[in-house]
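What follows is one structure encoded as structure tokens, with my remarks underneath.
The values are calculated or read from the model by the stated rules, or taken from the named source; none is laboratory data. Keep in mind that what you see is a predicted model, and the values were worked out from it rather than measured. Here the Cβ is made from the backbone with ideal geometry for all residues, glycine too, and neighbour counts use every protein chain on show. For the accessible areas, the whole protein counts, side chains as well, though only heavy atoms, and no ligand, DNA or RNA atoms are used. Shrake-Rupley method; radii C 1.70, N 1.55, O 1.52, S 1.80 Å.
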Amino acid sequence: MSSPRVSQERPAPGPSGPFRSLREAWVALIGLSAIFLFEMMSTTVLNVALPTIGRELAAPTVALQWVTNSYSVVFGALMLVFGVVADRLGRRRVMLAGLALLGVASLAAVAVTDTSELIAVRAVMGLAAAMTTPGTMAMAFRLFEEEGLRVRAITLISTVGMAGLAIGPTVGGLVLSFAPWQVLLLVNVPIVALAIVGIRTGVPADDAADLHRAPADLTGGVLGTATIVLALVAPTLFEDLGAGSWAPWAAVAGVVVAAALFVVRERTARHPLLDLALVARPQVSGGLAYKAAAGLANAGLAYLVTLQLQLDWGWAPALASLGMLPQVVVLIAGGPFVHRFVAWVGIDRAAWISAGSVVAGLAVYTLFGNLGYPWVAVALVLVAAGMRVVGAAAAVNVLNGLPRNRTSTGAALIDTATEVTAAVGVAVVGTVLAAVFVGNVAAGHWSPEQTGQFRETVTISGAVLTLVSATLVAWAMRRTRPAATLPGDQPDQPDAMPAETPATRA
């Protein structure tokens, strides 16, 4: 969406101008919320059906794993590219094309007869998600000029997504009790229809003057995509083959080489895919660091708690799902309080407090999680409360620090940082577990020695992730403090974002 430049006379609200309340933008927010609902439900709702899919399609374990991974890898790898594309071709246009592709891919699930076809369908859905998801946050940001409304809009959309994430497994299990598994993908079709109606009727058309017109950097796109693909595949290789195999370490080396080549390319290209000078601005780099710290800590905790409840403590899956209830409750119920908290402490302080809460939750679990479930519950609550705020606060910080014609790129950076750091968090836990634990982790019925080895894994991997996450938060705090903002860091005119004022904090 395009927003007129800030002038002394405020433009009239409506489909061609910024909105002055959430109520005025309700049609657009419904469409954007539907997109985020799909993103959050897309993995969890299908995970419940994997055993059924395996039986009906005679799928081996590796194939079932790629039913999930094909979506995640394509989605994570292409978000940045399509964020850049959207800033050039039009955010609304790219989002609508992605929604149409998602609808077609969901309908194609009816014709699936083997796992290779299902993997292909899931990969296309990942492509569609990469076209639509970054634009969700960018559009929510651009619908409003006031920072408080931006925070509330992003919080509202994320609340819908969190609800979908929480109810996904329950809905999936209920549907499977009376319908075939294909219905779990067909449910995307009405969500897509709702999103298309909301975007077409509620979001203003792209303004040609508000798009980024520099030529596309194809080489940078290939190198950036290769870096992210390898970063997302490496954890799977560590989990499947173990740290003793050469393949996962080759993937890690590939990440380093591809990332180095990408940086060199972006620093020397006349029209880079990603202007690294923009990423280095304090608000942008600091916001991304907060998101990375939270993603790293959250992924590590979620993986460890899942293993602990079911394999260490022997809880049944149903009881283990109840054990995660404190986190679910906070994620859903905390939505109405996010914008109040941000208005109270300010956007910068909210970002570091919330990211710090996530890191503190992991630290509590690392130190005291083996002493009993109450400590696990405290850790889950701290992490959930932090994740609830950091998503909106860090995102607004990043987008505030970028020119107006780079908002989709900024949103894609945020999502990519979350995806990659989550994969790294799982990889750290998996690597330590493979090095310390003797035997098959998933077999259950551990011996006392294996139980001790798992708890040693919790201590080592939890400490590593806590230290790295805390370092990222500390660096971001230092980076975003007022003294760190230099005149050269501000967005260039005429693309500058409006300066923050006490009024916009309200």
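Among the candidates Arg505, Arg455, single out the residue that is touching a helix residue (DSSP H, G or I) at 6+ places or on another chain (Cβ under 7 Å) and either closer than 27 Å to Leu273 by Cβ or modelled with pLDDT of 80 or more (or both).
The conditions single out Arg455.
Being at pLDDT below 90 and either open to solvent by 40 Å² or more (accessible area, probe 1.4 Å) or over 24 Å from Leu413 (Cβ atoms) (or both): is that true of Ala120 here?
Judged against the criteria, Ala120 is not a match.
Given (1) free of Cβ contacts under 8 Å to residues at least 24 places away in the same chain; (2) open to solvent by less than 30 Å² (accessible area, probe 1.4 Å), where does Pro51 come up short, assuming only one miss?
(2)
Give the residue, chosen from Gly168, Gly164, Gly198, that is surrounded by 20 or more Cβ atoms within 10 Å (Cβ to Cβ), at pLDDT 90 or above and touching a Ser or Thr at 6+ places or on another chain (Cβ under 9 Å).
Just one listed residue meets the conditions, Gly198.
Which one of the conditions (1) open to solvent by 20 Å² or more (accessible area, probe 1.4 Å); (2) on the phi < 0 side of the Ramachandran plot; (3) without any contact (Cβ under 8 Å) to a residue 60 or more places away in the chain does Ala58 fail to meet, given that it meets all the rest?
The one condition Ala58 does not meet is (2).
Hey, any hits in the range 174-182 for a residue that's assigned to a helix (DSSP H, G or I), within 24 Å of Glu117 (Cβ to Cβ), open to solvent by 60 Å² or more (accessible area, probe 1.4 Å) and not hydrophobic (A, V, I, L, M, F, W, C)?
There is no residue in the range 174-182 that is assigned to a helix (DSSP H, G or I), within 24 Å of Glu117 (Cβ to Cβ), open to solvent by 60 Å² or more (accessible area, probe 1.4 Å) and not hydrophobic (A, V, I, L, M, F, W, C).
Quick one: what pairs do we get from the range 220-232, first residue at pLDDT below 90, second of a type in the set (Lys, Arg), C-beta under 7 Å, 6+ apart or different chains?
As it stands, the answer is Gly220/Arg265, since those pairs meet every condition given.
Answer yes if at least one residue in the range 167-176 is small (Gly, Ala, Ser), closer than 24 Å to Gly90 by Cβ and in contact (Cβ under 8 Å) with a residue 40 or more places away in the chain, and no otherwise.
Checked the range 167-176: no residue is small (Gly, Ala, Ser), closer than 24 Å to Gly90 by Cβ and in contact (Cβ under 8 Å) with a residue 40 or more places away in the chain.
Of the residues Pro336, Pro282, which is closer than 28 Å to Gly410 by Cβ and modelled with pLDDT of 85 or more?
Pro282
For residues in the range 347-378 being farther than 30 Å from Val284 by Cβ and open to solvent by less than 10 Å² (accessible area, probe 1.4 Å), which is farthest from the chain's Cα centre (by Cα)?
Gly369
Scan the range 399-414 and give yes if some residue there is hydrophobic (A, V, I, L, M, F, W, C) and under 19 Å from Leu467 (Cβ atoms), otherwise no.
no
Would you check if Arg406 is assigned to a helix (DSSP H, G or I), farther than 21 Å from Ala166 by Cα and of a type in the set (D, E, K, R)?
Answer is yes for this residue.
Just give me the residues in the range 92-102 being within 21 Å of Val183 (Cα to Cα) and open to solvent by less than 10 Å² (accessible area, probe 1.4 Å), in sequence order.
Residues satisfying the conditions are Gly98, Leu99, Leu102.
Just checking, does the range 339-346 include any residue being surrounded by 17 or more Cβ atoms within 10 Å (Cβ to Cβ), of a type in the set (Val, Ile, Thr) and under 20 Å from the mean Cα position of the chain (by Cα)?
No - not one qualifying residue is present in the range 339-346.
Taking the condition under 18 Å from Ala470 (Cα atoms) and open to solvent by less than 10 Å² (accessible area, probe 1.4 Å), does Leu382 pass?
On the way: under 18 Å from Ala470 (Cα atoms): yes; open to solvent by less than 10 Å² (accessible area, probe 1.4 Å): no.
Criteria not met by Leu382.
Being within 27 Å of Leu57 (Cα to Cα), hydrophobic (A, V, I, L, M, F, W, C) and in a loop (DSSP other than H, G, I, E, B) is the filter here; which residues of the range 111-150 pass it? Explain how you work it out, then say what you get.
Step one: filter the range 111-150 for residues within 27 Å of Leu57 (Cα to Cα), giving 111-129.
Narrowing further to those that are hydrophobic (A, V, I, L, M, F, W, C): 111-112, 118-121, 123-125, 127-129.
The one that is within 27 Å of Leu57 (Cα to Cα), hydrophobic (A, V, I, L, M, F, W, C) and in a loop (DSSP other than H, G, I, E, B): Val112.
Within the range 215-253, can you find the residues that are in contact with an Asp or Glu (Cβ under 9 Å, 6 or more places away or on another chain) and among the aliphatic types (A, V, I, L, M)?
Start the filter on the range 215-253 by keeping residues that are in contact with an Asp or Glu (Cβ under 9 Å, 6 or more places away or on another chain), which leaves 217, 220, 223-224, 228, 231-232, 247-248.
Of everything in the range 215-253, those that are in contact with an Asp or Glu (Cβ under 9 Å, 6 or more places away or on another chain) and among the aliphatic types (A, V, I, L, M) turn out to be Leu223, Ile228, Ala231, Leu232, Ala247.
Give me a count of the residues in the range 221-252 that are under 15 Å from Thr431 (Cβ atoms) and in a helix (DSSP H, G or I).
17
Taking the range 206-230, which residues are surrounded by 19 or more Cβ atoms within 10 Å (Cβ to Cβ) and farther than 22 Å from Arg92 by Cα?
Gly220, Leu223, Gly224, Thr225, Thr227, Ile228, Val229, Leu230
Report whether or not Val84 is touching a Ser or Thr at 6+ places or on another chain (Cβ under 6 Å) and either open to solvent by less than 30 Å² (accessible area, probe 1.4 Å) or free of Cβ contacts under 8 Å to residues at least 12 places away in the same chain (or both).
Answer is yes for this residue.
In the range 123-134, which residues are in contact (Cβ under 8 Å) with a residue 40 or more places away in the chain and open to solvent by less than 10 Å² (accessible area, probe 1.4 Å)?
Once the filter is applied, which keeps residues that are in contact (Cβ under 8 Å) with a residue 40 or more places away in the chain and open to solvent by less than 10 Å² (accessible area, probe 1.4 Å), the range 123-134 yields Met125, Gly126, Ala129, Ala130, Thr132, Thr133, Pro134.
Considering every residue within the range 321-329, establish whether at least one is open to solvent by 20 Å² or more (accessible area, probe 1.4 Å), without any contact (Cβ under 8 Å) to a residue 40 or more places away in the chain and closer than 28 Å to Pro448 by Cβ.
Within the range 321-329, one or more residues are open to solvent by 20 Å² or more (accessible area, probe 1.4 Å), without any contact (Cβ under 8 Å) to a residue 40 or more places away in the chain and closer than 28 Å to Pro448 by Cβ.
Which members of the range 123-142 meet the condition of being modelled with pLDDT of 85 or more and among the β-branched types (Val, Ile, Thr)?
Of everything in the range 123-142, those that are modelled with pLDDT of 85 or more and among the β-branched types (Val, Ile, Thr) turn out to be Val124, Thr132.
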